[in-house]
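Student: First the structure, which I've put down as structure tokens, then a few questions once you've had a look.
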Amino acid sequence: MSYVVGVDIGTSSTKAVLFDTTGQQIARSAQKYDLKSPEPGAAEQDPNDILQAATQTVAEVIAASGINSTQLLGISFSAAMHTLLLMNPENLPITPMYTWADNRSDRWADFVKEHCDADGLYQRTGLPVHPMSPLVKLVWLRHEQPDLFKQVARVVAIKEYVLWHWCGEWAIDHSMATTTGLLALRSLAWDSEALAIAGIEEQQLSKLVPTTHRFSHIHPDYAQKMGISTDTPVVIGASDGVLSNLGVGAISPGIAAITIGTSGAVRQAVNLPTTASSAQLFCYALAEDLWVMGGAVNSGGIALQWARDGLMPYSIPPEEKNLSNPEPSASTYERLTKMAQTVAPGSEGLIFHPYLLGERSPLWNAQARASFFGLSRQHTQAHLVRAVLEGVVYNLHAVFSALEQSGGRVTKLRASGGFARSNLWQQMLADIFDRTIEVPKVIESSAFGAAVLAFWALGEWDSLAQVEEKIAIAQTKTPIAKNVQRYRKILPIYDALSVGFNEQYATLQKATQD
């Protein structure tokens, strides 16, 4: 038997998962690291923490599985999108790594919208102008830290940094490049106008390569740490979003993927790069003639964490609380969902807009704020909790509606992520989306997607489509007709309120500033 390690570099942890050629998970290792916020709006990480985590987790799965180097076909990478790291001429970081959640460039997103053709930029690059975008962060740093910006020799994302240390080559795959806001979708070349806006030159960026690109040599020091051969092939891989679609087998027409973890996303595979100005959906490359479009929301499980800490501070025993973990413990989660199940679908007219961290899709407004609407004296703590859960799904439905308009009708949804494994949320998804919800057995969808890409790139599989034969479905939920009818009445109200509130967020921020 031969094996591949899928490495998934995430915002809160890096996971390495060993799969055999049938798609079965053999071993798994994960290592967490800190997300630092030295000032309001900051979301930074130490890139060396992530380099160490990637190396250690691979070493641990190799050791745990007991395989030898001749059985390892290769290693492949998935990575979080929209990370930014600036390097000096000696290839040393001169900034922390900025994550997608860092919104200190908020006003510079407005600057780009006011002074540039923002829609033209979006149409060419497939990435909306938003503080999450590395392009917007570069504008921010160029204007607010000009002395630092003059020292920049290279602009990279976290996967490039890890692979440069491992393999000694600066390269970026087309998938990760499409998450920078700097790549022209249709030509797969760096966009000259985007580079001019960002204030950088093409030679400061890594070499563009396909997602199947192979590094043929691993530095001896890192190979020794991982317990593998220096000639183990390393496949560059892709971004975590598109690989999540691949990992759950959502790459055919009519099947979409929905992920609810700390944040959330809805994505669908398309054959050509596709943009939609009205909805500002993202579009990222996966392989030749295979792209993934969709939208990501900021609040998924983080809304449940807020409900735990903000709505129920005295209802959760102290031993169940871990305020540094955005995902509540299993016992806390069960307590919250049981409470929500005592309330009928629709929360008796209570609606929650879950913009606790501003919003990407569907508003693309970093100033957006969360709110309850329809609150009355009859509503209890249980109503509030259920409304929070429903609000997350309502918000994802708004993205889904825009996605169907651009990408075609979806008949089936594949769900992944920790909170999508709850029976309550599965049924909410089925009822609110009015679609069959399938939950695959595979848990680490992005890591498995990376492994699938490697099996194909290394000639073990004939095509990516083979993944559909490997996906086993653990659970299926179908819509309940009476719940569907109730939610159909609520969704237009939710959407209308979103539009109306969206006009007031900037006004509210100005009114509360000193």
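Student: Test each condition in (1) buried (at least 18 other Cβ atoms within 10 Å of the Cβ); (2) of a type outside the set (Phe, Trp, Tyr); (3) assigned to a strand (DSSP E or B) for ILE26 and report the one that comes out false.
Tutor: Only one criterion in (1) buried (at least 18 other Cβ atoms within 10 Å of the Cβ); (2) of a type outside the set (Phe, Trp, Tyr); (3) assigned to a strand (DSSP E or B) is unmet by ILE26, namely (1).
Student: Being open to solvent by less than 50 Å² (accessible area, probe 1.4 Å) and assigned to a helix (DSSP H, G or I) is the filter here; which residues of the stretch 187-204 pass it? Show your work before the answer.
Tutor: Just the residues of the stretch 187-204 that are open to solvent by less than 50 Å² (accessible area, probe 1.4 Å), to begin with: 189-191, 194-195, 197-200, 204.
Answer for the stretch 187-204, where residues must be open to solvent by less than 50 Å² (accessible area, probe 1.4 Å) and assigned to a helix (DSSP H, G or I): ALA194, LEU195, ILE197, ALA198, GLN204.
Student: I've got another one for you. Which of the following residues is open to solvent by less than 10 Å² (accessible area, probe 1.4 Å), modelled with pLDDT under 95 and in contact with a helix residue (DSSP H, G or I) (Cβ under 9 Å, 6 or more places away or on another chain): ALA307, ALA279?
Tutor: Of the residues listed, the single one that is open to solvent by less than 10 Å² (accessible area, probe 1.4 Å), modelled with pLDDT under 95 and in contact with a helix residue (DSSP H, G or I) (Cβ under 9 Å, 6 or more places away or on another chain) is ALA307.
Student: From the set of residues in the stretch 401-412 that are open to solvent by less than 50 Å² (accessible area, probe 1.4 Å) and part of a helix (DSSP H, G or I), which is farthest from ILE258 (Cα to Cα)?
Tutor: Within the stretch 401-412, the subset open to solvent by less than 50 Å² (accessible area, probe 1.4 Å) is 401-404, 406-408, 410.
If we keep only those that are part of a helix (DSSP H, G or I) as well, we get 401-404, 406-407.
Working: SER401: 13, ALA402: 14, LEU403: 12, GLU404: 13, SER406: 17, GLY407: 15 Å.
Ranking the candidates gives SER406 first.
Student: Still on this structure, I have one more. Of the residues ALA420, ALA415, ALA451, ALA447, which is small (Gly, Ala, Ser), open to solvent by less than 40 Å² (accessible area, probe 1.4 Å), part of a strand (DSSP E or B) and touching a residue at least 40 places away in the same chain (Cβ under 8 Å)?
Tutor: It is ALA415.
Student: For the condition closer than 27 Å to ILE302 by Cβ and in contact with an Asp or Glu (Cβ under 9 Å, 6 or more places away or on another chain), what is the one hit in ILE432, ILE473? Break it down stepwise before answering.
Tutor: Values: ILE473 fails: closer than 27 Å to ILE302 by Cβ.
Among ILE432, ILE473, only ILE432 is closer than 27 Å to ILE302 by Cβ and in contact with an Asp or Glu (Cβ under 9 Å, 6 or more places away or on another chain).
Student: Which of the residues that make up the stretch 344-400 are open to solvent by less than 10 Å² (accessible area, probe 1.4 Å), over 22 Å from ALA430 (Cβ atoms) and in a loop (DSSP other than H, G, I, E, B)?
Tutor: Of everything in the stretch 344-400, those that are open to solvent by less than 10 Å² (accessible area, probe 1.4 Å), over 22 Å from ALA430 (Cβ atoms) and in a loop (DSSP other than H, G, I, E, B) turn out to be TYR355, ALA368.
Student: Oh, and also: Please enumerate the residues belonging to the stretch 161-186 that are closer than 27 Å to THR55 by Cβ and open to solvent by 10 Å² or more (accessible area, probe 1.4 Å).
Tutor: TRP164, HIS165, CYS167, GLY168, GLU169, TRP170, HIS174, THR180
Student: Hey, among VAL484, VAL442, which residue is in contact with a helix residue (DSSP H, G or I) (Cβ under 8 Å, 6 or more places away or on another chain), of a type outside the set (Asp, Glu) and within 30 Å of SER239 (Cβ to Cβ)? Quick ask: steps written out before the conclusion?
Tutor: Details: VAL484 fails: within 30 Å of SER239 (Cβ to Cβ).
Being in contact with a helix residue (DSSP H, G or I) (Cβ under 8 Å, 6 or more places away or on another chain), of a type outside the set (Asp, Glu) and within 30 Å of SER239 (Cβ to Cβ) holds for just one of VAL484, VAL442, which is VAL442.
Student: If you don't mind, another one. Among residues belonging to the stretch 49-73 that are touching a residue at least 24 places away in the same chain (Cβ under 8 Å) and under 27 Å from ASN298 (Cα atoms), point out the one that is surrounded by the most Cβ atoms within 10 Å (Cβ to Cβ).
Tutor: Only one residue tops the list, namely ALA54.
Student: Take the residues of the stretch 205-221 that are in a loop (DSSP other than H, G, I, E, B) and of a type outside the set (A, V, I, L, M): which is surrounded by the most Cβ atoms within 10 Å (Cβ to Cβ)?
Tutor: Selected residue: THR211.
Student: Looking at the stretch 133-143, can you tell me whether even one residue there is more than 25 Å from SER263 (Cβ to Cβ), more than 20 Å from the chain's Cα centre (by Cα) and surrounded by fewer than 22 Cβ atoms within 10 Å (Cβ to Cβ)?
Tutor: Yes: one or more hits.
Student: Kindly indicate the residue of the stretch 225-246 that is within 13 Å of ALA265 (Cβ to Cβ) and touching a helix residue (DSSP H, G or I) at 6+ places or on another chain (Cβ under 6 Å) and also most open to solvent (accessible area, probe 1.4 Å) among those meeting that condition.
Tutor: It comes out as ASP240.
The values are calculated or read from the model by the stated rules, or taken from the named source; none is laboratory data. All values reported here derive from a predicted model rather than from experimental measurement. Methodologically, a virtual Cβ is constructed for each residue, glycine included, from the backbone with ideal geometry; neighbour enumeration extends over all protein chains shown. Only protein heavy atoms, including side chains, enter the accessible area calculation; ligands, DNA and RNA are left aside. Shrake-Rupley method; radii C 1.70, N 1.55, O 1.52, S 1.80 Å.
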